[in-house]
Amino acid sequence: MKKVTAEVALSVFEEKQNKCASPIRVAQIIGKMWAGGVEAVVFNYYRAIDKKQVQFDFYYDEDSTVQPSQELIDMGARFIKLPPYQKIWKYIPCLYQHLRKNKYKIVHSHLNTLSVFPLLTAAMVGVPVRIAHNHSVPSGNEWKRNALKNFLKMFSKVFSTDYFACSEKAGRWLFGNKSYDSGKVIVVPNAIENKRFLRDEVIREKKRKQMNIDNSFVVGHVGRFTYAKNHLFLLEIFKEILNMKPNAKLLLVGDGELRDEIKSKISQLGIWDQVILAGKTTSPEEFYHVIDVIILPSIFEGLSVTTIEAQFSGVPIVISEAVPKETNISNGFKYMKLSDSAELWANAAIELSNISVELLPESQRFDIKYAAPKLTNWYLSK
């Protein structure tokens, strides 16, 4: 009898060892890939996690404007294409088949209020750990989008077992004050690979010469061309800066649905010769090197990745009060009200550009080397 018990114990031990030998695969639901902040954050975590213990499968929409990264594929990631979530009648059955086939223990959805759909599907399959991760907050004056968000918000905890958020503001908004105050919401910082963004004066000088802006005062903005980013007001601010600094250039890194509207505003203001449209990029660090000050007059933000990247790059940033306070991690940071005039914003940007940016101790939590092991350990504990 003792021999049988010993054999059973050995078998169980060997089974556990075999499980530990291969990494667990986590299904990451990222929606549309368009070189935006959310996917950048998830990709940053993937690059930094211990891939011998945890691997990611990225589920993305087929109408994405960015192709899967070969770099990540070479690291062991898998990219799985789904119908757009707008075609929910196709989206859910397709996702159901993949989740059932791959037998995930963890599904981690980054679709904010829309996470209800993939997490419902995961619950139908029987996935035990279902994470709703919120990266967003109410959408300013976009009443139609807010109406949908507020409706789906009622179901945010119905199919999820665990609650993640990029900031306190995002966590309280989607999951409620009671859940946040009780510790049920885990804040996962939008961490970056800080060594990519360290300021290099040699690269700065070389890049500025390449772009023919070596004698210019460069105002920058990194972000998608969407309502939330408030580019039209940014252009008005830059027009005021030009009145004070005729050698100024505005570098816009990004793209999006408001491209034509932004171009029209540039024409209206008569500043085409001073604006550089750099397009979207997966390597924003190249542009931070050349920028003197960043202006981010966002109408709403969950937690701006640009804000973190800029400060790690040594670039001062003037930002709207809509951005969560957690992003203030240096002395080169100034909040402004959206009700403030374009002239006041312009003055603040010029004044702040003279500051030598120094990071505060709390910036450590946004270092991916510090943040990634915490997420890895959380996955492994489940």
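Before moving on, here are some points about what is shown:
- Qualifying positions in region 121-140 - modelled with pLDDT under 95 and among the hydroxyl-bearing types (Ser, Thr, Tyr): 136, 139
- With respect to the conditions (1) touching a His at 6+ places or on another chain (Cβ under 8 Å); (2) assigned to a loop (DSSP other than H, G, I, E, B), residue 338 lacks only one, and its number is (1).
- Scanning region 181-195 for residues that are crowded, with 17+ Cβ neighbours inside 10 Å and in a helix (DSSP H, G or I) returns a single hit, 194.
- Residues being in a helix (DSSP H, G or I) and in contact (Cβ under 8 Å) with a residue 60 or more places away in the chain - total across region 290-317: 6
- Test set (1) touching a residue at least 24 places away in the same chain (Cβ under 8 Å); (2) touching a strand residue (DSSP E or B) at 6+ places or on another chain (Cβ under 8 Å); (3) not in a strand (DSSP E or B) - residue 132 fails condition number: (3)
- Condition met for residue 291 (more than 18 Å from residue 189 (Cβ to Cβ), of a type outside the set (Ser, Thr, Tyr) and under 23 Å from the mean Cα position of the chain (by Cα)): yes
- In region 237-258, the residues that are in contact (Cβ under 8 Å) with a residue 12 or more places away in the chain and assigned by TED's automatic domain parsing to the domain that holds residue 220 reach residues that are in a helix (DSSP H, G or I) and aromatic (Phe, Trp, Tyr) with C-beta atoms within less than 6 angstrom, at least six apart or across chains, in these pairs: 237/345; 250/238; 253/287.
- Looking across region 341-361, just one residue is surrounded by 15 or more Cβ atoms within 10 Å (Cβ to Cβ), in a loop (DSSP other than H, G, I, E, B) and not aliphatic (A, V, I, L, M), and that is 353.
- Within region 198-219, residues that are in contact (Cβ under 8 Å) with a residue 40 or more places away in the chain have Cβ atoms under 7 Å from residues that are surrounded by fewer than 13 Cβ atoms within 10 Å (Cβ to Cβ) and not in a helix (DSSP H, G or I) in these pairs: 217/247, counting only partners at least 6 apart in sequence or on another chain.
- Considering region 263-289, and only residues there that are part of a loop (DSSP other than H, G, I, E, B) and modelled with pLDDT under 95, the residue that is surrounded by the fewest Cβ atoms within 10 Å (Cβ to Cβ) turns out to be 283.
- Test: residue in region 372-381 that is without any contact (Cβ under 8 Å) to a residue 40 or more places away in the chain and over 23 Å from the mean Cα position of the chain (by Cα): yes
- Residue check for residue 181: farther than 29 Å from residue 275 by Cα and among the charged types (D, E, K, R): yes
- Considered as a group, the residues in region 300-333 that are surrounded by fewer than 18 Cβ atoms within 10 Å (Cβ to Cβ) and within 21 Å of the chain's Cα centre (by Cα) include one that is farthest from residue 248 (Cα to Cα), and that residue is 325.
- Test: residue in region 50-66 that is in contact (Cβ under 8 Å) with a residue 60 or more places away in the chain, acidic (Asp, Glu) and either over 22 Å from residue 381 (Cβ atoms) or in the same structural domain as residue 375 (by TED's automatic domain parsing) (or both): yes
The values are calculated or read from the model by the stated rules, or taken from the named source; none is laboratory data. All of these numbers come straight from a predicted model, not from anything done at the bench. Cβ sites come from the backbone with ideal geometry, for glycine too, and all protein chains shown count toward neighbours.
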